[in-house]
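Structure first, then comments.
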Amino acid sequence: MPNFPALFRKVKSFSVSIREIILPFFLWMLTPFLILVAAFITNGIIIFLFGYNPIEAYVAATKVTFGSLRGVGETLVKSTPFLMTGLSVAIAFRCGIWNIGAEGQFLIGALAATWFGTKIAVLLPNTPWIAVPLCLSMAVVAGGLWGIIPAVLKVTRGVNEVISTIMLNYVAINFVSLMIDGGPLQETSKTGPQSDPIAEWVFLPRLSEFLPRLFESHRIHIGIGIAVILAIALTFVLFRTTFGFQLRAVGEGAAAAKAAGISIAHNTLRVFFISGALAGLGGAIEIMALVPHRLTENFSPDYGYTAIAVALLAKLHPLVTVATALLFGALAKGSFAMEAEVGISRQVTLMMQAIILLFVIGSSAVKFFRKRAL
Amino acid sequence: MDIIAILEDILAATIRGATPLLLAALGEVVAQRAGVINIGIEGMMLIGALFGWVGSFYFAELLFFAPWIGLLIAGFSGLVTAALFAFFAIRLRGDQVVIGTAITLLALGFTEVVYVRLFGQTGSLQSVPYFKQFDVPLLSQIPFFGDALFSHNIIVYLAFLLVPCVYFFLYHTQLGLRVRACGEHPKAISTVGSSVSLLRTISLLFAGAMAGIGGGYLSLADVPYFTPGMTTGRGFIALAIVIFGKWHPIKTSGAALLFGLGFALDNRFQAFGWDIQYQWFLMLPFALCLAVLAGFVGKAEAPLALGKPYDPSE
């Protein structure tokens with residue numbers, strides 16, 4: 001005979017969980033979803049006004065991104081830099097820090113990885129088990145330190161981080177150019193503005209090395225796994241640790257947090273380091289995982305700025321960022337198909353990102369959505 | 001080349017390079033003085049560059065007037081972009097940093113889509129009527145300075161004439177005083193019965209139009225054609241210039257010249273075979289801006305209410 005009271009309690013608790021957990025979650029997810037729908041429609045109308053067929057364009061983009069295993073793999077590969085920089089922005093914005101510098105931190109991370117992969121790795125020949133983690137941590141430290149600069153300026157001199165991070169982006173862009181165009185990291189043949197490829201044993205392993213039949217010549221690499229694990233870890237840190245609590249408290253209201261004894265300066269420094277480190281790691285993963293494995297000019301197609309859209313659309317939640325990064329990766333991948341089949345410039349994705357951002361702003365101005373914001 | 005000719009060349013290039021930066025920065029000074037931080041200048045310049053060039057392209061039969069119409073359209077398109085900014089930043093009180101980023105991304109995508117629509121993927125460079133060199137009578141006859149200072153296209157002179165105008169407006173008119181008060185203490189402006197939203201919107205529209213004209217300069221005077229992404233960060237340099245110029249129109253023009261010098265030198269360094277990498281000069285403006293912000297090169301005081309949306313109910 002079944003234990004009816006216990007079963008009843010279970011059913012009841014299940015219905016409670018629907019009411020208290022699942023339903024609010026769907027309501028919480030409603031805003032990003034509606035924003036996306038609205039952005040796709042708006043963008044479609046603009047595409048239509050330009051005389052292209054938006055439905056044809058979207059179908060072409062979807063087919064190439066999710067239509068095959070290879071397409072999904074490519075989408076994952078494309079979304080990794082969006083995820084890394086998106087996480088970087090999300091964690092900073094959570095703390096009320098307007099880090100617009102993911103672009104520069106990404107580049108500095110890539111630069112560090114290139115330096116390690118071309119100059120230092122030769123000292124450790126054929127030792128991927130040492131070289132790869134060392135190279136990644138090099139990028140983490142470099143990106144983090146680059147992120148610390150605006151933090152120090154803010155804490156000690158009261159410099160607004162929006163402006164300082166924008167300026168540092170351009171310092172980083174020109175510094176990279178300095179290094180690879182006439183500088184010490186330029187390729188040995190000195191022909192173009194690019195570095196040598198990094199040493200082979202610093203490459204990130206690909207899935208095709210472990211499952212050659214299933215993933216033959218796919219570009220899926222373990223950097224994607226690293227990024228997703230980091231997203232999960234950051235969720236834990238944000239919502240289940242004292243540090244995460246302090247960080248969010250500063251973001252919600254610096255004055256109240258300060259009154260509660262939380263050090264704003266400490267948090268600013270720590271968050272900026274983590275934020276920079278994440279973006280830097282993203283840059284290193286791109287260098288170490290993807291052909292041609294070298295640093296070139298225009299290495300980042302505005303990842304750092306797109307990251308703001310990625311993070312805000314995800315309501316600054318690290319786990320949701322995985323989903324939005326995937327979407328932006330799909331957009332990046334799909335844009336090539338749109339260009340090839342419909343003829344519209346693939347930079348239309350930048351327009352799409354901007355429309356998403358504007359809808360995010362617009363939605364937070366509407367009361368219904370504001371209650372559900374963040 | 002003798003040293004005089006080199007100096008003359010560098011001075012002339014400095015002024016030409018500074019002009020688009022100055023145009024955009026003058027607008028930004030007014031906007032920031034009103035309390036709006038517009039980091040979408042880059043986008044507005046790009047939009048202006050595209051539409052200015054498109055305007056001159058379609059009105060090419062008017063020959064002399066074509067670039068003027070182009071410049072007008074450039075300014076207007078910048079103004080429309082700024083109106084979009086104003087709607088989100090002032091009407092909806094959204095975050096100005098996010099909106100500025102969105103405007104820049106929007107312009108980067110939009111201009112490229114339009115360009116490809118008009119001229120296809122390969123897009124051969126279409127030359128349009130542009131602003132020709134205009135030697136100021138008499139003044140251009142002065143040795144050395146004549147060629148360096150008074151043999152430019154007309155926009156260069158107009159841009160530098162605007163500097164005292166903006167200065168006069170901000171510091172010697174009642175409206176200018178109110179604009180500045182908007183950026184320092186918006187509540188005070190509300191209290192005396194002026195509309196903070198209106199003042200900020202007007203300032204922002206002015207900034208947009210100026211950025212558009214600055215962009216138009218690039219595609220109508222600097223070179224007679226448009227290429228996607230041709231502003232190459234000049235909008236952000238204009239932002240740096242405003243800070244370096246400490247939110248003051250005259251100091252801003254000095255800063256624009258300094259940064260123009262950076263451009264002039266970087267173009268010429270390799271030609272002279274000097275053994276310094278030109279990227280140092282490209283990096284300098286941004287590093288200097290950081291130094292100014294940190295107070296190592298005199299203290300810069302940003303307008304108090306800069307970047308803060310004004311909510312009258314607070």
For B:E61 and B:S127, FRET efficiency with R0 = 25 Å and r from the beta-carbon atoms, rounded to 0.05?
0.95
For peptide B:85-98, compute the average count of partner chain beta-carbon atoms within 10 Å of each residue's beta-carbon.
4
State, to one decimal in nm, how far the label point of A:R157 lies from the label point of A:A259, with both points 7 Å from Cα in the Cβ direction.
3.2 nm
Taking H placed 1.01 Å from N in the peptide plane, check which residues at least 5 places from A:L295 or on another chain put their amide H under 5 Å from its amide H.
A:S195
Per principal axis, largest first, the Cα atoms of the stretch A:203-347 extend in Å by 57, 38, 28
Scoring chain A by relative contact order with C-alpha pairs under 8 Å, at least six apart, yields a percentage of 33 percent
Can you pull out the buried accessible area for chains A and B, both sides counted, probe 1.4 Å, rounded to the nearest 100 Å²?
4000 Å²
For B:F160 the rounded accessible area (nearest 10 Å², probe 1.4 Å, non-protein molecules ignored) is 60 Å²
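What area, in nm² and to one decimal, does the C-alpha convex hull of the protein assembly as shown cast on average over all directions?
Working: hull surface 148.3 nm².
Computed as one quarter of the Cα hull surface, the answer is 37.1 nm².
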Other-chain or far-sequence residues with amide H under 5 Å of B:V136's (modelled H):
B:H152
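In the calculated pair distance distribution of the stretch B:3-293, what percentage of Cα-Cα distances lie above 29 Å?
Percent of Cα pairs beyond 29 Å in the stretch B:3-293: 34.
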Quote the relative contact order of the stretch B:3-293 in percent (integer), defining contacts as alpha-carbon pairs under 8 Å separated by 6+ residues.
37 percent
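Given the -39500 (n - 2.57) contribution per DSSP H run of 4+ residues, what per-residue ellipticity at 222 nm results for the protein assembly as shown, rounded to the nearest 500 deg cm²/dmol?
On the way: 28 runs with 474 residues, N = 688.
When only DSSP H runs of four or more count, the value is -23000 deg cm²/dmol.
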May I ask you to derive the FRET efficiency for A:W129 and B:L139 from their Cβ-Cβ distance with R0 = 56 Å, giving the value to the nearest 0.05?
0.20
The value for the stretch B:173-260 (convex hull of the alpha-carbon atoms, volume per residue, Å³) is 110 Å³
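Multiplying the sequence separation of A:A233 and A:E20 by 0.36 nm and subtracting their Cα-Cα distance, what value in nm do you get? Mind showing how you got there, number by number?
On the way: separation 213, 0.36 × 213 = 76.68 nm, distance 2.46 nm.
This chain segment gains 74.2 nm when fully extended.
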Tally up the carbon and sulfur contribution to the accessible surface of the protein assembly as shown as a whole percent, 1.4 Å probe, everything protein left in place.
69 percent
If all Cα-Cα distances of chain A are sorted into 20 Å bins from 0 onward, what percent lands in each bin, rounded to whole numbers?
26, 55, 17, 1, 0
Give the long-range amide H neighbours of A:A199: residues separated by 5 or more places, or on another chain, with amide H under 5 Å away, using H modelled in the peptide plane at 1.01 Å from N.
A:T118
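Between beta-carbons, use under 15 Å as the cut-off and find the net charge around A:L168, counting Lys and Arg +1, Asp and Glu -1.
0
Round to the nearest 0.05 the FRET efficiency obtained for A:E252 and A:R213 when R0 = 56 Å and r is the Cβ-Cβ distance.
Working: r = 51 Å, r/R0 = 0.91.
About 0.65, to the nearest 0.05.
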How compact and how long is the stretch A:279-374, expressed as Rg and Dmax of its alpha-carbon atoms in Å?
15.5, 49
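Dipole size in debye (nearest 20) for the stretch A:32-370 around its Cα centre, Lys and Arg Cβ +1, Asp and Glu Cβ -1? Mind dumping the intermediate values first?
On the way: 21 positive and 16 negative charges, 199 e Å.
Magnitude of the dipole: close to 960 debye.
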If you plug each phi of the stretch A:274-282 into the Karplus form 6.51 cos²θ - 1.76 cosθ + 1.60 with θ = phi - 60°, what whole-Hz ³J(HN,Hα) values come out, in order, with x for Gly and Pro?
4, 4, x, 5, 4, 5, x, 4, x
Rounded to whole angstrom, the alpha-carbon centroid of the stretch A:158-189 lies from that of the stretch B:23-72 at a distance of 28 Å
Averaging sequence separations of C-alpha pairs under 8 Å and six or more residues apart, then dividing by the length of the stretch B:49-204, give the relative contact order as a whole percent.
19 percent
Average partner chain C-beta neighbours within 10 Å, per residue of A:147-158?
2
If you average the C-alpha positions of the stretch A:296-353 and of the stretch B:171-202 separately, how far apart do those two centres end up, in angstrom?
39 Å
Cross-link partners of A:K78 among aspartates and glutamates (Cα-Cα below 14 Å; sequence separation of 8 or more within a chain):
A:E286, A:D302
Enumerate the calculated ³J(HN,Hα) couplings along the stretch A:297-303 in order (Karplus 6.51 cos²θ - 1.76 cosθ + 1.60, θ = phi - 60°), each rounded to whole Hz, writing x wherever the residue is Gly or Pro.
6, 6, 5, 10, x, 6, 4
Per residue of A:300-313, count partner chain C-beta atoms within 10 Å of its C-beta, then hand back the mean as an integer.
2
Keeping every protein chain in place, order A:R219, A:R9 by accessible area at 1.4 Å, biggest value first, i.e. largest first.
A:R9, A:R219
For B:H185, what accessible surface area do you get with a 1.4 Å probe? Give it in Å², rounded to 10.
110 Å²
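Could you order A:F245, B:F145, A:F273 by accessible surface area, starting with the largest, using a probe radius of 1.4 Å? Present the calculation step by step, with values, prior to reporting the outcome.
Working: A:F245 120, B:F145 100, A:F273 70 Å².
My answer, sorted largest first, is A:F245, B:F145, A:F273.
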For the stretch B:3-293, the dipole about the Cα centre with charges only on Cβ (Lys and Arg +1, Asp and Glu -1), to the nearest 20 debye, works out at 980 debye
From the phi angles alone, apply the Karplus equation (6.51, -1.76, 1.60; θ = phi - 60°) to the stretch B:27-43 and give each ³J(HN,Hα) in whole Hz, x where the residue is Gly or Pro.
x, 5, 4, 5, 4, 6, 4, 7, x, 10, 8, 9, 8, x, 4, 3, x
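The values are calculated or read from the model by the stated rules, or taken from the named source; none is laboratory data. Bear in mind the structure is a predicted one, so any value in this text is a computation, not a measurement. All Cβ positions, even for glycine, are placed from backbone atoms using ideal geometry, and neighbour counts span all protein chains on display. Only protein heavy atoms, including side chains, enter the accessible area calculation; ligands, DNA and RNA are left aside. Shrake-Rupley method; radii C 1.70, N 1.55, O 1.52, S 1.80 Å.
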